[in-house]
């Protein structure tokens, strides 16, 4: 039995952050109703990110909404309000990711919802919080990354700020919302009292930078990216990714003299003082750049791995999927849509009591489960 079986979650969210949180709750066994606008539904269904459509929707929509059921509701239609309120009254959790003020205009703010269901755990994701001069700004991942300073940690010193190539603030804020919701459900189980959980993309972006920001808050010095193969501006040489004769090699924290001996690179033996590994990191990295090009990735790994040096082959997705290290994880699953179309995607990455959580239920078509809800839920009193 999955830990959230028997719980009802209402997902009023769009795009990635909120739906990702609802996805994880569904993975844990919750029954998730995705409440959508009848006119097109979640905008993620049609957002033009790729030319591929699977059963009419974008692959990213299927990835973030598998395991859910769709109920089409016009939130501005007063005639549908009684049905909506009955649904809210039955729910354990409700998730929204509107701009501040929108939920209140729709009558879906926490105070209104709590009056209908005092024990509900209400989760909200915004872009920049509910207060302050940025509250009304669009909560979009690239913009939140940019405001937070995160792009100034990526890329080399002579490059412009470089954002991460995934929706990191969307995903992390979704994970943080799940943490808060689970805490709220625990409180509800103990005391019967619900909770209002609030997170934002900006706060999520700041939280994943807490190490560097802590240093900055105490010394006031901005991080300086390495000019050569930067991977983390706070870590000295050899930390980075290097080209080899046939690919790429990642090397993490490693004493430079020992690395020089293993790689048969005498120039590195001059850096005996550990302080120089930071002070002269670009100088050291430049030596490695030239030296590592002389042999293949496999050659260097054959020297470094037996010595327990932190290193790795740098793989693209196609290479990764061919490895036994990936296959043994069993990360892939087929989610089957209501029309019987399989969507190859990933499972929940969390195991509980050794069990991997798979869910073959695909993402729903817009309003696919309206009749199920009306016939089997609303009429059951």
Out of all the residues in region 95-122, which are assigned to a loop (DSSP other than H, G, I, E, B), modelled with pLDDT of 95 or more and surrounded by fewer than 20 Cβ atoms within 10 Å (Cβ to Cβ)? 106, 107, 109, 117, 118, 119
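Might you let me know whether region 285-297 holds any residue that is closer than 30 Å to residue 224 by Cβ and either outside any helix (DSSP H, G or I) or in the same structural domain as residue 35 (by TED's automatic domain parsing) (or both)?
Yes, that holds for at least one residue.
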Conditions (1) over 21 Å from residue 316 (Cβ atoms); (2) outside any helix (DSSP H, G or I); (3) touching a strand residue (DSSP E or B) at 6+ places or on another chain (Cβ under 9 Å) -> residue 259 fails only (2)
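Assess whether residue 125 counts as being surrounded by 16 or more Cβ atoms within 10 Å (Cβ to Cβ), in contact with a strand residue (DSSP E or B) (Cβ under 8 Å, 6 or more places away or on another chain) and more than 25 Å from residue 207 (Cα to Cα).
no
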Any idea which of (1) in a helix (DSSP H, G or I); (2) at pLDDT 95 or above; (3) over 25 Å from the mean Cα position of the chain (by Cα); (4) crowded, with 19+ Cβ neighbours inside 10 Å is the one residue 84 doesn't satisfy? (2)
Out of 72, 79, sole residue that is in the same structural domain as residue 178 (by TED's automatic domain parsing), within 22 Å of residue 373 (Cα to Cα) and either crowded, with 24+ Cβ neighbours inside 10 Å or at pLDDT 95 or above (or both): 72
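The values are calculated or read from the model by the stated rules, or taken from the named source; none is laboratory data. Quick caveat, the model's predicted, so the values are computed rather than measured. All Cβ positions, even for glycine, are placed from backbone atoms using ideal geometry, and neighbour counts span all protein chains on display.
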